[in-house]
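Worksheet: the structure to be examined is printed underneath.
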Amino acid sequence: MDINTILSEALIQNASDLFGAEISPNQIQIQPTKKEFEGDLTIVVFPFVKLMKCAPVQAGEKIGEFLKSNVNSVSDFNVVNGFLNLSISKSLYVDQFKEILSKENYGIQPDSGKMYMVEYSSPNTNKPLHLGHLRNIFLGYSCAEILKANGHKVIKTQIINDRGIHICKSMLAWQRMGNGETPETAGIKGDKFVGKYYVEFDKALKEETTVLLNEIEAGNFQNIASDQVEEIKKLQAARETKEDDKDRKAIQGKITEMVKNNTALMKDTKAMLQKWEQKDPEIYALWEKMNGWCYDGFNATYERMQVNFDTLYYESDTYLLGKDIVLQGLKDGIFYQKEDGSIWVDLTDEGLDHKLLLRSDGTAVYMTQDIGTAIERKKNYPELKGIIYTVGNEQDYHFQALFKILKKLGFDWYEECYHLSYGMVELPEGKMKSREGTVVDADDLMQEVVDSATEMTKERGHIEGMSETEKEELYETIGLGGLKYYLLKVDPKKKMMFNPKESIDLNGNTGPFIQYAHARIQSLMRKANGLQDFSSDIVLEEVELELIKKLVEFPEVIKEAGTNHSPALIANYTYDLVKSFNSFYQSISIFNEENEDLKNFRLHLANKTGQTIKIAMQLIGVKVPDQM
């Protein structure tokens with residue numbers, strides 16, 4: 001039994017005498033003592049102050065005296081404000097370590113009987129995956145693995161955004177500019193090939209928009225829809241009254257957007273989308289062909305990333321389900337229709353605003369398909385406890401609205417939906433823009449970090465005796481491990497700046513730093529040539545005690561990471577574990593230790609640390625090498 005359980009049970013069983021009332025396990029908060037204070041574990045006293053009818057320090061003293069007298073493992077205590085710091089007998093940690101050794105998959109929780117679905121990646125089939133997708137994919141995949149480690153069954157999925165106005169942009173550009181070119185004839189990966197035409201479309205659209213803007217500034221509105229002319233004129237007049245340059249730019253942005261939608265290119269794109277929704281044979285065949293090119297490219301990228309999915313959903317299927325639900329909601333009075341025919345939902349009673357569900361021409365928006373997808377998933381997996389959407393924080397409002405719409409439709413499981421919101425990954429020169437082709441391509445970035453890892457590893461040496469195949473696998477492991485770790489060590493809610501060279505550094509809080517520690521431990525194990533048992537009469541050195549304490553924390557870290565959907569907790573725990581191991585390794589002799597019992601204990605301690613590092617890194621999708 002671990003010390004946290006021992007302490008909790010002692011308090012619960014003696015609650016009437018100690019607190020004058022029964023207490024629940026949720027009231028007991030036990031955490032590692034902060035380094036600046038004396039002690040091993042800290043109990044937060046504040047939840048008991050009201051029950052004990054005394055000041056926090058007095059409450060802490062009473063609880064501390066009780067535990068010291070009644071729990072053999074508690075050797076001493078001190079109280080700082082409302083925090084009770086307990087010193088735990090070193091012998092208990094030896095016993096706990098023996099218990100840890102008995103568990104093959106230490107930290108992994110038993111079957112919970114719960115099922116969750118985690119959505120991640122969810123690309124558009126009009127461009128390749130980029131740096132932003134990498135954080136999304138690694139975060140979603142790791143979140144799924146952490147939920148599995150908490151004993152839950154997990155369905156990994158993605159919604160492939162294979163329809164809509166953006167998809168038609170690439171299609172129209174290829175139709176007019178492609179001249180029959182294919183990924184094979186161009187020698188370009190399928191998703192990059194389609195993305196090339198998305199960029200070409202944007203260039204052509206900008207040119208046409210500029211021409212039209214010049215026309216309206218000259219007073220020529222013949223190419224503008226008649227119902228929008230007066231609105232644009234009002235905006236022009238309002239722009240001229242503004243002295244602040246920022247205000248003028250904001251109004252000009254609205255004018256530009258309206259003019260853009262009046263270009264012949266955008267009108268043709270919208271017409272193509274309507275034809276696609278009507279299953280026009282020519283347009284549908286083009287759509288299938290270009291999406292197929294993208295899927296081939298995506299799958300190659302996923303394979304290199306070493307991520308996978310259990311089931312796939314396609315927007316081209318689920319938007320139809322969403323349309324039917326929206327139309328039924330309109331009949332039932334849940335939604336309303338404007339004069340132009342568009343359908344909306346009023347969410348003001350939920351603290352939000354009005355949200356578009358179907359355009360005036362009957363075409364769907366993202367919300368339409370998200371409604372359909374959510375309902376279809378629950379239908380496919382009725383036992384789902386929750387659906388976790390891994391999507392950037394730019395879509396926070398979208399998911400707030402989605403969950404409230406599901407509530408209005410009468411689905412009580414809306415409360416089980418969770419938006420795993422994360423900050424954007426930015427470049428030193430600013431935000432990435434797919435339309436302008438200024439993104440960091442995922443394939444190129446992975447290759448860059450692997451190339452850097454290759455160069456670094458060759459310079460260091462230490463890979464003698466490895467075959468060329470083994471070396472290539474090692475370079476890939478270090479490069480991709482560094483990339484994944486770098487993107488996951490930051491709290492998901494925070495935005496981050498990406499630096500490829502830092503990601504493969506052997507020093508500091510990096511993947512290779514942790515991988516190297518694992519390789520060092522495997523070298524020790526090869527030298528040991530087998531492990532022998534040891535007795536419980538070990539007198540622990542301080543560095544050994546600290547390392548065992550870190551190992552003891554692992555199951556709780558997994559639970560906390562699962563509750564908070566935060567791989568960063570796993571990543572940073574592993575970094576701290578490695579730092580504790582390095583202190584142990586540098587301070588304590590292993591093979592020169594004359595006491596065989598002590599030597600065997602230290603080898604077991606190193607080996608279990610290596611196993612824990614491997615399990616932890618697997619939870620964030622990172623492989624650890626045996627030689628480096």
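Worth a mention:
- The residue list Lys279, Lys249, Lys234 contains one member that is assigned by TED's automatic domain parsing to the domain that holds Asp340 and basic (Lys, Arg), which is Lys279.
- Single match in Leu384, Leu402 (criterion: modelled with pLDDT of 95 or more and either hydrophobic (A, V, I, L, M, F, W, C) or under 18 Å from Lys323 (Cβ atoms) (or both)): Leu402
- Options Lys114, Lys62, Lys90, Lys103; residue that is more than 24 Å from the chain's Cα centre (by Cα) and surrounded by fewer than 16 Cβ atoms within 10 Å (Cβ to Cβ): Lys103
- Count of the stretch 307-352 residues which are in a helix (DSSP H, G or I) and of a type in the set (A, V, I, L, M, F, W, C): 6
- Subset of the stretch 443-466 (residues that are acidic (Asp, Glu), over 17 Å from Tyr486 (Cβ atoms), out of contact with any helix residue (DSSP H, G or I) (no Cβ under 8 Å at 6 or more places or on another chain) and assigned to a helix (DSSP H, G or I)): Glu455, Glu459
- Positions within the stretch 83-99 being touching a strand residue (DSSP E or B) at 6+ places or on another chain (Cβ under 7 Å) and either free of Cβ contacts under 8 Å to residues at least 40 places away in the same chain or of a type in the set (S, T, N, Q) (or both), in sequence order: Asn85, Ser87, Ser89
- Residue pairs meeting the criteria (Cβ under 9 Å; at least 6 apart or on separate chains; first closer than 29 Å to Lys494 by Cα, in the stretch 366-393; second assigned to a loop (DSSP other than H, G, I, E, B) and of a type in the set (A, V, I, L, M, F, W, C)): Ile371/Leu409; Ala374/Phe411; Gly392/Met424; Asn393/Met424
- Boolean, Leu347 is out of contact with any helix residue (DSSP H, G or I) (no Cβ under 7 Å at 6 or more places or on another chain), surrounded by 14 or more Cβ atoms within 10 Å (Cβ to Cβ), among the hydrophobic types (A, V, I, L, M, F, W, C) and modelled with pLDDT of 95 or more: no
- Selection of first residues in the stretch 322-343 that are β-branched (Val, Ile, Thr) and of second residues that are part of a loop (DSSP other than H, G, I, E, B), restricted to Cβ pairs under 6 Å at least 6 apart or on distinct chains, gives the following pairs, ordered by first then second residue: Ile343/Phe335.
- Within the stretch 68-116, tally of residues that are under 14 Å from Thr33 (Cβ atoms) and acidic (Asp, Glu): 1
- Residues that are more than 38 Å from the chain's Cα centre (by Cα) and among the β-branched types (Val, Ile, Thr) occur in the stretch 534-543; there is at least one.
- Residue count for the stretch 118-166, restricted to those that are free of Cβ contacts under 8 Å to residues at least 40 places away in the same chain and of a type in the set (Phe, Trp, Tyr): 0
- Filter pass, Thr269 being crowded, with 16+ Cβ neighbours inside 10 Å and farther than 18 Å from Lys169 by Cβ: no
- Residues located in the stretch 223-280, provided they are more than 27 Å from Tyr319 (Cα to Cα) and of a type in the set (Gly, Ala, Ser): Ala225, Ser226, Ala237, Ala238, Ala250, Gly253
- When Thr241, Thr256, Thr263 are checked against the criterion of being β-branched (Val, Ile, Thr), loosely packed, with under 14 Cβ neighbours inside 10 Å and either more than 37 Å from the chain's Cα centre (by Cα) or within 19 Å of Val211 (Cα to Cα) (or both), a single residue qualifies: Thr241.
- On the stretch given as the stretch 28-48, residues that are surrounded by 17 or more Cβ atoms within 10 Å (Cβ to Cβ) and of a type outside the set (Asp, Glu) total 10.
- Qualifying residue in the stretch 370-393 (condition: outside any helix (DSSP H, G or I) and out of contact with any strand residue (DSSP E or B) (no Cβ under 8 Å at 6 or more places or on another chain)): yes
- Pairing each residue of the stretch 46-71 that is over 9 Å from Gly82 (Cα atoms) and in the same structural domain as Ile12 (by TED's automatic domain parsing) with any residue that is in a helix (DSSP H, G or I) and of a type in the set (Val, Ile, Thr), provided the two are 6+ apart or on different chains, yields C-beta distances under 8 Å for Phe48/Ile63; Val71/Ile6.
The values are calculated or read from the model by the stated rules, or taken from the named source; none is laboratory data. Being a predicted model, the structure only gives us computed values, none of them experimental. Cβ atoms come from the backbone with ideal geometry, glycine included; neighbour counts cover every protein chain shown.
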